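The structure under discussion appears below in the form of structure tokens.
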Amino acid sequence: MRLTREEEAILAGEQGETRARMLEILVALGKVYGAKRLIPIMSAQVSGASYKTIGRWGLEWLQSLDARVAVPTVLNPVGMDRERWQEMGIDPGFARAQGEILSAYRKLGLTLACTCTPYYLFITRYGDHLAWSESSAVAYANSVIGARTNREGGPGALAAAITGRTPEYGLHLVSNRRPQLVVRVDDGRFSEDTALFGALGYLAGKLVGGKIPLFEGIRPGRDQLKALGAAMAASGAVALFHVAGITPEARIFSYDTTDLEVITIERSEIESVFRKTPVEAVALGCPHCSPEELAEIARLLSGKVTKIPLFVFASRGVIEKHRGEVAAIEATGARVFADTCMVVSPAMDRFRAIMVNSGKAFSYVPDMCGAAVRLGTTEECIRVATGEGEETSRVSGDSRLP
Ligand code: F3S
């Protein structure tokens, strides 16, 4: 790898030991993946933030670092709402350990936004090089915005944040961003609830694995693209996808797909993912809700009262700018929590069955929360949470949380 004089100096320890160790990580990664150089990044997003996932060892590693990030950097969701963790029923010992992790990241200069939707918080542009690590954020940045990021591991993203650089390989190179197969959705009317795109992504991810698909036959909006990419990143390992006529790079590549394998997904297959089973709680906001999704949930809940716990997750920045919608949602007994989500928080572990409107949560809840999972549209989720015409099995007689 070719390093600049400044990078050689960092490696030699002239800017401190932590920076040298972080650059060593990036150089090692670059060598493994055949990068020729390091390139500057515009922002970073660091996973490995919940005490549920990194534990004591991860905390001690973070506390051993002594440097500040060089670019705007946000943290992935952590295990609890930083301010309302008691309302979530979080154990005080967990909250203490989570607080230590947050302090360690704050000392490193990260913004404690704790979200998988950093694109709602700071401007990210087409062509920007990034070092993001949460899989749905990576899929969104690459596919919907046309920015360039590999799916970084937590330490790799932190190393990039502290040095302001990342090795130039993988999806940073335009030549690696071409579609590798076509996914044809066999229904021209496919333009409804985001959960349908979550179900499509859940199925497509299993078929596509880690390849780059080009979708034909769908016309998703932004929230639907978010749901599609998140689900494919979870059930497969998709970090970039194209949608003909919709995503920014599709027009560059879609003329050249004649030799590609074609997979067809039928509407009936997508609908088969939706099954009616009893649940004990409902969780929305995976990935974290957009302002439009919060408004939609508030509209659907209007005039109703929840009968089983309904959790909604969004970034603190989005919640603070949409206090009216949040108040309307919470007036029904539901709770809107920041900084965390149904997968990384232990708050959901007490339920035996959870309903979600997200293909990604549908993939992760069984393993991460030890619960059965049901997928429904946002409207169906609200109907179940408010006990309208569907059976639910309640954990306790109180719909208020926890
Ligand atoms: Fe975000 Fe948690 Fe889903 S990190 S994408 S809300 S699993």
Can you name every one of the strands (runs of 3 or more DSSP E) wholly within the range 332-383 that holds 1 or more residues which are within 11 Å of the ligand (Cβ to nearest atom) and under 19 Å from ALA233 (Cα atoms)?
353-356
What's the number of the only condition in (1) in a loop (DSSP other than H, G, I, E, B); (2) acidic (Asp, Glu); (3) within 19 Å of ILE90 (Cβ to Cβ) that ASP259 fails to meet?
(3)
Check on THR247, open to solvent by less than 30 Å² (accessible area, probe 1.4 Å), modelled with pLDDT of 95 or more, over 26 Å from MET355 (Cβ atoms) and among the hydroxyl-bearing types (Ser, Thr, Tyr):
yes
Subset of the range 253-264 (residues that are surrounded by fewer than 15 Cβ atoms within 10 Å (Cβ to Cβ) and at pLDDT 85 or above):
ASP259, GLU261, VAL262, THR264
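Every residue, every condition in (1) open to solvent by less than 60 Å² (accessible area, probe 1.4 Å); (2) touching a Cys at 6+ places or on another chain (Cβ under 7 Å); (3) among the polar types (S, T, N, Q); (4) more than 21 Å from LYS321 (Cβ to Cβ), yes or no:
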residue: ALA95; (1), (2), (3), (4): yes, no, no, yes
residue: ILE101; (1), (2), (3), (4): yes, no, no, yes
residue: THR111; (1), (2), (3), (4): no, no, yes, no
residue: LEU121; (1), (2), (3), (4): no, no, no, no
Within the range 287-329, the residues that are open to solvent by 60 Å² or more (accessible area, probe 1.4 Å) and within 22 Å of the chain's Cα centre (by Cα) are GLU292, GLU296, GLU320, LYS321
Quick check on the range 32-39. Is at least one of its residues surrounded by fewer than 21 Cβ atoms within 10 Å (Cβ to Cβ) and in a helix (DSSP H, G or I)?
yes
When the range 265-279 is examined, which residues are found to be of a type in the set (Asp, Glu) and either in contact with a strand residue (DSSP E or B) (Cβ under 9 Å, 6 or more places away or on another chain) or surrounded by 13 or more Cβ atoms within 10 Å (Cβ to Cβ) (or both)?
GLU266, GLU269
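The values are calculated or read from the model by the stated rules, or taken from the named source; none is laboratory data. Quick caveat: nothing in here was measured; it's all calculated off a predicted structure. Because the Cβ atoms are built from the backbone with ideal geometry, glycine has one as well, and the counts that use them run over all protein chains shown. Only protein heavy atoms, including side chains, enter the accessible area calculation; ligands, DNA and RNA are left aside. Shrake-Rupley method; radii C 1.70, N 1.55, O 1.52, S 1.80 Å.
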